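A.B. asks: Starting off with a structure, shown below.
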Amino acid sequence: MGNLLGSWRFKEPSTVEECDSTWGSDSESDEPAAEDDSGISDSVSPAESERAAGDPGETSPQQTESPESVPKMKRSFYAARDLYKYRHSYPNFRKSRQPNEYRNLRFYMNKIPLVPDGIYIEEILTKWRGDYDKLEHNHTYIQWLFPLREQGLNFYAHELTQDEIKEFQSTREAKRRFLAAYSLMLDFYGIKLLDKSGNVARASNWQERFQHLNESQHNYLRITRILKSLGELGYEAFKAPLVRLFLEESLCQNTIPNMQHSVLEYYVYTIRLPATRRRLLRYARQHYRPAHAFLWGPPPKRRGGAVGGGVGAGSSGIRAPAPTPERQRRGEESPTSTLASSGIIVSSHDAMMCQDLAGGGLKGCTGLGSSMVGLEGALMMAGARGERNQYSEMVPL
């Protein structure tokens, strides 16, 4: 029996709908305000409501009941699967046989430097703040500052483990430095952390930094990593305020218009609570133009009152709601893609960015070493079948 259980694996989702449980337990009607814990308001002015309604003659794909009339899905399956795995705590994750050295925690305790640069966390926190050129062009620190349970592009960085996460969350010094690192990166993006609840607002340098962020789109991948790491290390509640700000700036204020796709395809779906994702997406739908092109739900109702698209309940993870029947019905394989030619393990999200790295050159990508040689051909699978246009923001780091 033990061997049977040990070899059993969750079934991997095969469609975007199976990966996305956001609308699985909800209809078009709003939940009571008490259910939302993100501070997000859905209220809009009459003028905004009229604009959101659009041309009465236009028919939204999300409101069409006939499956034949719905255009081909344009959301990225690779993004949906990557974030499904994250929200469900990597259900097919295999525990490493190597001893747990707690390198991420030791780095945050200022006991070891990041590799390969040999820089300690205290130096980064005290000397790098405001040094935007260094934060922009150095590509080895982000995996150490915001560790995940999946491999990034710095293969010297170590993946988090469950035991290390628990130890990290109970270590006051590590948590203090982690929040300082988060504040450091927010300042780099023109944002300030307002309080211990994670609320954020524009910083005094927002105009210059937002313009840079709109043009330097490789930072969008970094932000995805930051959001994931917040959830892993006990700061799940910090995600929604940041995502809400990015939605407002990209959709309403038009200060970061190039970020729209990344916010809707990635950032929203790092949030584990479906009710919070729904409120963010409803806000986005009110302001998205053209309105009929909004792809992120809610799905159309089908006969019998069932909601179309993926069926499922809430997601789960560290300090998140308990697993639901969806966890028993579905699952997936390891959160990484194995590159047979080189033995490298890379998350699908980073792999898609690597494709651009391989095609656009590797200047400034320190820490990758000769392992990138086997990466160029193998990573093509991550961006195959027309995905490249959807990931135009993923330029070389």
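A.B. asks: Evaluate the following for R222: is it in contact (Cβ under 8 Å) with a residue 24 or more places away in the chain and buried (at least 24 other Cβ atoms within 10 Å of the Cβ)?
C.D. replies: Against the criterion (in contact (Cβ under 8 Å) with a residue 24 or more places away in the chain and buried (at least 24 other Cβ atoms within 10 Å of the Cβ)), R222 does not qualify.
A.B. asks: What number of residues within segment 244-292 satisfy the criterion of being out of contact with any helix residue (DSSP H, G or I) (no Cβ under 8 Å at 6 or more places or on another chain), in contact (Cβ under 8 Å) with a residue 60 or more places away in the chain and part of a helix (DSSP H, G or I)?
C.D. replies: The number of residues fulfilling the criteria is 4.
A.B. asks: Looking at this structure, is R106 open to solvent by 30 Å² or more (accessible area, probe 1.4 Å), closer than 18 Å to R222 by Cα and of a type in the set (D, E, K, R)?
C.D. replies: The answer is no for R106.
A.B. asks: Follow-up question, since we're still on this one. Can you name every residue in segment 225-243 that is without any contact (Cβ under 8 Å) to a residue 60 or more places away in the chain, out of contact with any strand residue (DSSP E or B) (no Cβ under 9 Å at 6 or more places or on another chain) and more than 21 Å from L105 (Cα to Cα)?
C.D. replies: K239, V243
A.B. asks: Do any residues in segment 126-139 that are in contact (Cβ under 8 Å) with a residue 24 or more places away in the chain have Cβ atoms under 6 Å from those of residues that are open to solvent by 40 Å² or more (accessible area, probe 1.4 Å) and assigned to a helix (DSSP H, G or I), where the two are at least six apart or on different chains, and which pairs are they?
C.D. replies: W128/K134
A.B. asks: Looking only at helices (runs of 4 or more DSSP H) that fall completely inside segment 144-216, which ones have 1 or more residues that are surrounded by 21 or more Cβ atoms within 10 Å (Cβ to Cβ) and of a type in the set (G, A, S)?
C.D. replies: Ranges flagged: 172-188.
A.B. asks: Still on this model: Examine segment 246-259 for a residue that is at pLDDT 95 or above, open to solvent by 10 Å² or more (accessible area, probe 1.4 Å), on the phi < 0 side of the Ramachandran plot and in contact with an Asp or Glu (Cβ under 7 Å, 6 or more places away or on another chain), and state whether such a residue exists.
C.D. replies: Taking every residue of segment 246-259 in turn, at least one turns out to be at pLDDT 95 or above, open to solvent by 10 Å² or more (accessible area, probe 1.4 Å), on the phi < 0 side of the Ramachandran plot and in contact with an Asp or Glu (Cβ under 7 Å, 6 or more places away or on another chain).
A.B. asks: Kindly indicate whether D133 is closer than 26 Å to I271 by Cβ and open to solvent by 10 Å² or more (accessible area, probe 1.4 Å).
C.D. replies: Spelling it out, it is not the case that D133 is closer than 26 Å to I271 by Cβ and open to solvent by 10 Å² or more (accessible area, probe 1.4 Å).
A.B. asks: Could we say that Y90 is at pLDDT below 95, in a loop (DSSP other than H, G, I, E, B) and among the aromatic types (F, W, Y) here?
C.D. replies: yes
A.B. asks: I've got another one for you. Taking the criterion of being touching a Gly at 6+ places or on another chain (Cβ under 6 Å) and closer than 16 Å to E249 by Cβ, would at least one residue in segment 184-203 satisfy it?
C.D. replies: yes
A.B. asks: Which of the residues spanning segment 114-125 are part of a loop (DSSP other than H, G, I, E, B) and free of Cβ contacts under 8 Å to residues at least 60 places away in the same chain?
C.D. replies: G118, Y120
The values are calculated or read from the model by the stated rules, or taken from the named source; none is laboratory data. All values reported here derive from a predicted model rather than from experimental measurement. All Cβ positions, glycine included, derive from the backbone under ideal geometry; neighbour counts span all protein chains shown. Surface areas here come from the heavy atoms of the whole protein model, side chains and all, with no ligands, DNA or RNA. Shrake-Rupley method; radii C 1.70, N 1.55, O 1.52, S 1.80 Å.
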